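J.: Below is a structure I'd like to ask you about.
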Amino acid sequence: MKKLTSQSILFFIGPVLGTLFGMYTVKQMDIPISVFFPNVIGILIGIVLVLYLSNRWKDKRPIQVMQISFISLALLLACFLFPGQNEVHRWINVGQFGVEVSMIVIPLILWCLHQFLHDKKFLHGTVLFAATATILGFQPDASQVTAFCLAGLVLFFNNKMEIKFRVAAFFIAAITIFLAWNRVDLLEPIEYVEDIFEMMVSMGPVGIVGIFICSLALIIPFILMEFKRIETVRVLSTAFIVYLATSMIIAVFGHYPVMVMGAGASSVVGWYLMLSFVLRTL
């Protein structure tokens, strides 16, 4: 990002609105707003990441993309080194805090996948796609498996390649999504994380309008980047839109973390990472 403009500054506000509205919601339910303090930390970290990284994603060599993809997969696998909760392994524990890794590294993996496919390293991309979906399925995390796979398919079907790789990607997605949704998730939901939408809706029209405005603020930056002339930015923006929208829709029908609007820093940091990828052309 060459310099901050009034337009690009507005791109940053989605998580701010989501966090403020989340605080307002829990306050109405007599829950301390401090449960959203991790989101505030995530916003501060995320803004710094965008300012620092947005100009550093250009022209990465294949070996660098490979290194980032290996590190991302290693972080996902590291979750299994910790006890987990009710046989669910989605976190790396840092002291008393648990970092939900997938919401931070999936944006990185989607970028790596896009780089592989754009550079015609189709086998590398297919292996990365299969490995990520499989690890997420074993955590288990049906929401992230589904959102990642659908976003990944956007990348496979918007890059020129032999049909066999697209077919392979489709079957990988279908199988891993099916297996993930047929695994029992014994994790008890936390109302201000997984059920925050229900809490917002319970406030009536104010809650419904708030959900709409916050969701729109989170997706609009990527919609606007669809109008950029650079094809790689357009394709990656589409994948991020699918990832965000799928995660939010699934949260409505199941007990899965609501990205950005639910309490937690990981999804906020992940959102800003996605922003750093698409703002690199400004």
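The values are calculated or read from the model by the stated rules, or taken from the named source; none is laboratory data. Predicted model only: the values in this text are computed from it and were never measured. Glycine gets a Cβ as well: all are built from the backbone with ideal geometry, and neighbour counts include every protein chain shown. Side chains included, ligands, DNA and RNA excluded: accessible areas come from the protein's heavy atoms. Shrake-Rupley method; radii C 1.70, N 1.55, O 1.52, S 1.80 Å.
J.: I'm trying to understand the selection: among the residues of region 194-222, which are open to solvent by less than 70 Å² (accessible area, probe 1.4 Å) and free of Cβ contacts under 8 Å to residues at least 24 places away in the same chain?
T.: G204
J.: Of the residues A142, A173, A180, which single one is within 21 Å of I241 (Cβ to Cβ), surrounded by 19 or more Cβ atoms within 10 Å (Cβ to Cβ), at pLDDT below 95 and not charged (D, E, K, R)?
T.: A142
J.: Looking at this structure, is Q67 polar (S, T, N, Q), open to solvent by 60 Å² or more (accessible area, probe 1.4 Å) and modelled with pLDDT of 85 or more?
T.: Yes, satisfied.
J.: Checking W57 against (1) modelled with pLDDT under 90; (2) open to solvent by 80 Å² or more (accessible area, probe 1.4 Å); (3) within 21 Å of the chain's Cα centre (by Cα), which single condition isn't satisfied?
T.: Single failed check for W57: (2).
J.: Do the conditions hold for E87, that is, is it on the phi > 0 side of the Ramachandran plot and modelled with pLDDT under 95?
T.: When the stated conditions are applied, E87 passes them.
J.: Is there a residue in region 24-45 that is buried (at least 21 other Cβ atoms within 10 Å of the Cβ) and among the aromatic types (F, W, Y)?
T.: yes
J.: Then there's this: With the requirement that a residue be open to solvent by 10 Å² or more (accessible area, probe 1.4 Å) and outside any helix (DSSP H, G or I), what does region 245-282 give you?
T.: G254, H255, Y256, P257, A263, G264, A265, L282
J.: Any idea which of P62, P140 is touching a strand residue (DSSP E or B) at 6+ places or on another chain (Cβ under 8 Å), over 24 Å from Y272 (Cβ atoms) and not hydrophobic (A, V, I, L, M, F, W, C)?
T.: Just one listed residue meets the conditions, P140.
J.: Run down E226, E188 and say which single residue is in contact with a helix residue (DSSP H, G or I) (Cβ under 8 Å, 6 or more places away or on another chain), charged (D, E, K, R) and over 12 Å from V258 (Cα atoms).
T.: E226
J.: What are the residues in region 5-51 that are out of contact with any helix residue (DSSP H, G or I) (no Cβ under 7 Å at 6 or more places or on another chain), assigned to a helix (DSSP H, G or I) and not hydroxyl-bearing (S, T, Y), if any?
T.: The answer is Q7, I9, L10, L20, Q28, F37, P38, I41, L44, V48, L51.
J.: Would you check which residues across region 227-244 are under 18 Å from the mean Cα position of the chain (by Cα) and surrounded by fewer than 18 Cβ atoms within 10 Å (Cβ to Cβ) and list them?
T.: If the condition is that a residue be under 18 Å from the mean Cα position of the chain (by Cα) and surrounded by fewer than 18 Cβ atoms within 10 Å (Cβ to Cβ), then R234 is the only one that fits.
J.: Let me ask something additional. What are the residue pairs meeting all of these: first residue in region 95-123, first residue modelled with pLDDT under 95, second residue open to solvent by 50 Å² or more (accessible area, probe 1.4 Å), Cβ atoms under 6 Å, and 6 or more apart or on different chains?
T.: Partner pairs satisfying both residue conditions: V101/L75; F116/H124.
J.: Additional query: When the residues of region 194-224 are narrowed to those that are more than 16 Å from T19 (Cα to Cα) and under 19 Å from the mean Cα position of the chain (by Cα), which ends up modelled with the lowest pLDDT?
T.: Checked region 194-224; the qualifying residue modelled with the lowest pLDDT is L224.
J.: Out of the residues in region 88-129 that are open to solvent by 10 Å² or more (accessible area, probe 1.4 Å) and basic (K, R), which is farthest from K160 (Cα to Cα)?
T.: K121
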